[in-house]
Amino acid sequence: MIQLQDIHKSFGELEVLKGVSLQVERGEVVAIVGASGAGKTTLLQIMGTLSRPDRGLLTIDGRNPLKLGDKSLSQFRNEQIGFVFQFHHLLPEFTAFENVCIPGLIGRRPRAEVEQRANELLSMMNLMHRRDHKPKQLSGGEQQRVAIARALINSPKVLLADEPSGNLDTRNKEEIHRLFFELREKLGQTTVIVTHDEGLAGMADREIVMSDGLIL
């Protein structure tokens, strides 16, 4: 599903990625771990087409998104990649349901189809009773589950998560961890997670250790 070959990335004179190659299979849950500054988030951003490598090859489901122009790349990202961040980035003026719908409406999908899918995902997340609540009325764990539902609204091929449980208490953290594996069972979701959480990393199909811009 994801293939990276000899990925290099520098910021000024600082070389952050020094020739990273990685393959992620369809339906696999992979955890990327390592000390701060190892290059984990930069690698995830390149996988998600949020950043372009200085050199190297990226393919997602057999396509090379880096060859696309800005408009086509934005469309590809909207349709094929879901993002979950440590801080949920929900829009405070919208309800949980509306937040989940937004990427689908941006993608110009039919409103009825988007709303039906949003309800299905909120039900899967056990959040239908919180459907019409705004983010400030939700707990941290509920907010993150809304963010995961939002990431899945366009049925992306790939789900990328950057420290998805880093801001949660133990109970909510464990719930979010289980959820990623339930999504794989129910949706066949390919998932890459950057995490410092040893428990989450240990649950993954594979644990990739990075150090100083390289995979060990």
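What order do you get for 4-14, 80-90, 151-161 when each peptide is scored by the mean count of other beta carbon atoms within 10 Å, highest first?
Numbers: 4-14: 13.8, 80-90: 19.4, 151-161: 21.5.
Highest mean packing first, the order is 151-161, 80-90, 4-14.
Amide H to amide H under 5 Å from Gly19: which residues, 5+ apart in sequence or cross-chain, H placed 1.01 Å off N in plane?
Close amide H contacts, sequence-distant or interchain: Ile7, His8, Lys9.
If each of Glu113 and Thr59 carries a label point 7 Å out from its Cα toward its Cβ, how far apart are those two points in nm?
Going from the Glu113 label point to the Thr59 one covers 2.8 nm.
Per the 1.4 Å probe, what fraction of the accessible area of the chain, in percent, lies on carbon and sulfur atoms? Walk me through the numbers on the way to the answer.
On the way: 4950 of 10350 Å².
Carbon-and-sulfur percentage of accessible area, whole number: 48.
Anything over 29 Å Cα to Cα? Flag those among Lys40/Lys157; Lys9/Lys67; Lys40/Lys134, in the order listed. Write out the running numbers ahead of the final one.
On the way: Lys40/Lys157 21 Å; Lys9/Lys67 17 Å; Lys40/Lys134 32 Å.
In this structure, Lys40/Lys134 lie more than 29 Å apart at Cα.
Near the amide H of Arg63, under 5 Å away, which other amide H atoms are found, from residues 5 or more places off or on another chain, if H is placed in the peptide plane?
When sequence neighbours closer than 5 places are left aside, there are no close amide H contacts.
For Phe11 and Asp70 in the same chain, what is the full-extension length gain: residue separation times 0.36 nm, less their Cα-Cα distance, in nm? Intermediate values should be presented prior to the final figure.
Working: separation 59, 0.36 × 59 = 21.24 nm, distance 2.10 nm.
So the chain would gain 19.1 nm between Phe11 and Asp70.
Roughly how many Å² is the accessible area per residue of the chain, as a whole number, for a 1.4 Å probe? All intermediate terms of the calculation are to be shown ahead of the outcome.
On the way: 10350 Å² over 216 residues.
For the chain, the solvent-accessible area averages 48 Å² per residue.
Using modelled amide H (1.01 Å from N, peptide plane; none on Pro or chain starts), what sits under 5 Å from the amide H of Val84, excluding residues fewer than 5 places away?
Counting only residues 5 or more places away or on other chains, the set is Leu160, Ala161, Asp162.
Enter the angle in degrees (range 0 to 90, nearest 10) between the Cα long axis of helix 170-187 and the first principal axis of the Cα atoms of the chain, meaning the one along which they spread out most.
Rounded to the nearest ten degrees, it is 80.
If one takes the longest principal axis of the Cα atoms in the chain, at what angle in degrees, from 0 to 90 and to the nearest 10, does the Cα axis of helix 111-124 lie?
So the inclination is approximately 90 degrees.
Mean separation of Cα pairs under 8 Å and 6+ residues apart, divided by the residue count of the chain: what relative contact order is that in percent?
Details: 406 pairs, mean separation 70.8, N = 216.
Relative contact order of the chain: 33 percent.
Can you show me the helix-derived [θ] at 222 nm for the chain, built from DSSP H runs with n ≥ 4 at -39,500 (n - 2.57) apiece and divided by the number of residues, rounded to the nearest 500.
Values: 7 runs with 81 residues, N = 216.
After summing the helix terms and dividing by the residues of the chain, the value is -11500 deg cm²/dmol.
Of the peptides 52-58, 94-100, how do they stack up when ordered by the mean number of other Cβ atoms within 10 Å, highest first?
94-100, 52-58
From the phi angles alone, apply the Karplus equation (6.51, -1.76, 1.60; θ = phi - 60°) to the stretch 66-73 and give each ³J(HN,Hα) in whole Hz, x where the residue is Gly or Pro.
6, 8, 7, x, 4, 5, 5, 5
When a/c reaches 1.5 or more, the comparison of a/b and b/c decides; with that in mind, is the stretch 1-52 rounded, prolate or oblate per its Cα gyration tensor? List each step's numbers first, then the result.
Details: a/c = 2.07, a/b = 1.59, b/c = 1.30.
Taking the square roots of the gyration eigenvalues as a ≥ b ≥ c, the stretch 1-52 is prolate.
Assuming 0.692 mPa s and 37 °C, estimate D for the chain with Stokes-Einstein, Rh taken as the Kirkwood radius over Cα pairs, in µm²/s.
Values: Rh = 17.6 Å.
Rounded to a whole number, D works out at 186 µm²/s.
Translational D (Stokes-Einstein, µm²/s) of the stretch 104-216 at 37 °C and 0.692 mPa s when Rh comes from the Kirkwood sum over C-alpha pairs?
Value of D from the Cα-based Kirkwood radius: 214 µm²/s.
Would you mind listing how long the stretch 1-121 runs along its three principal axes, going by Cα atoms, in whole Å with the largest first?
46, 30, 29
Can you run phi through the Karplus equation (6.51, -1.76, 1.60; θ = phi - 60°) for the stretch 85-93 and list ³J(HN,Hα) in whole Hz, with x for Gly and Pro?
Working through the residues one at a time gives 10, 4, 9, 4, 6, 6, 7, x, 7 Hz.
The values are calculated or read from the model by the stated rules, or taken from the named source; none is laboratory data. Please read all numbers here as calculations on a predicted model, not as lab measurements. Note that we place each Cβ from the backbone using ideal geometry, even for glycine, and neighbour counts take in every protein chain shown. Please note that ligands, DNA and RNA were not included when accessible areas were found on the heavy atoms of the full protein model with its side chains. Shrake-Rupley method; radii C 1.70, N 1.55, O 1.52, S 1.80 Å.
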